[in-house]
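Enquirer: Got a structure for you, questions after.
Where a number appears in this text, it was derived from the coordinates with a stated rule and is not lab data. Source: prediction; values computed, not measured. Quick reminder, even Gly has a Cβ in these numbers, built from the backbone with ideal geometry, and neighbours come from all protein chains shown.
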Amino acid sequence: MILGNKVKRIRELKNYSQKYLADRMDISQAAYSKLESGETKISDEKLSQIAEILEVKPEDIREFDSQKYFNSFNNVTGDKNGSFIIEIEDTELIKKLYEDKITLLEELMSQQKKELEKYRSKYGEL
């Protein structure tokens, strides 16, 4: 996964908009979008700035693993059998977190379907 995609996934998990990050970085939303899409290379300085806004370490972005981050983001810890236990008592909050994740996954699937259709229209069926 390219670095920009990793930034995008973390930004979405944090429920931040591109405009929010762009404003915090003092750049245009279009310029920020190019960082996420890979059109513009993310320098170490920009990565540090993004990481600070997202409240993660730059290395967390570089080594992003969606499952690992999901567990960390939702205060999940592993037990000795490798099972995961959510340490949140508020069931409404847990429900909201899962609904947000489902919505995000549905949006990602929709984007992937659009990309597939673009590919098919350009190159034909696989």
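Enquirer: Explain nothing, just compute: Karplus ³J(HN,Hα) = 6.51 cos²θ - 1.76 cosθ + 1.60, θ = phi - 60°, for every residue of the range 91-103 in order, whole Hz, x for Gly and Pro.
Expert: Ordered by residue, 3J(HN,Hα) equals 5, 5, 5, 4, 4, 4, 4, 5, 4, 4, 5, 5, 4 Hz.
Enquirer: Moving on to the next point. Suppose R0 equals 22 Å. What FRET efficiency, 1/(1 + (r/R0)^6) with r the Cβ-Cβ distance, do R24 and R62 give to the nearest 0.05?
Expert: 0.65
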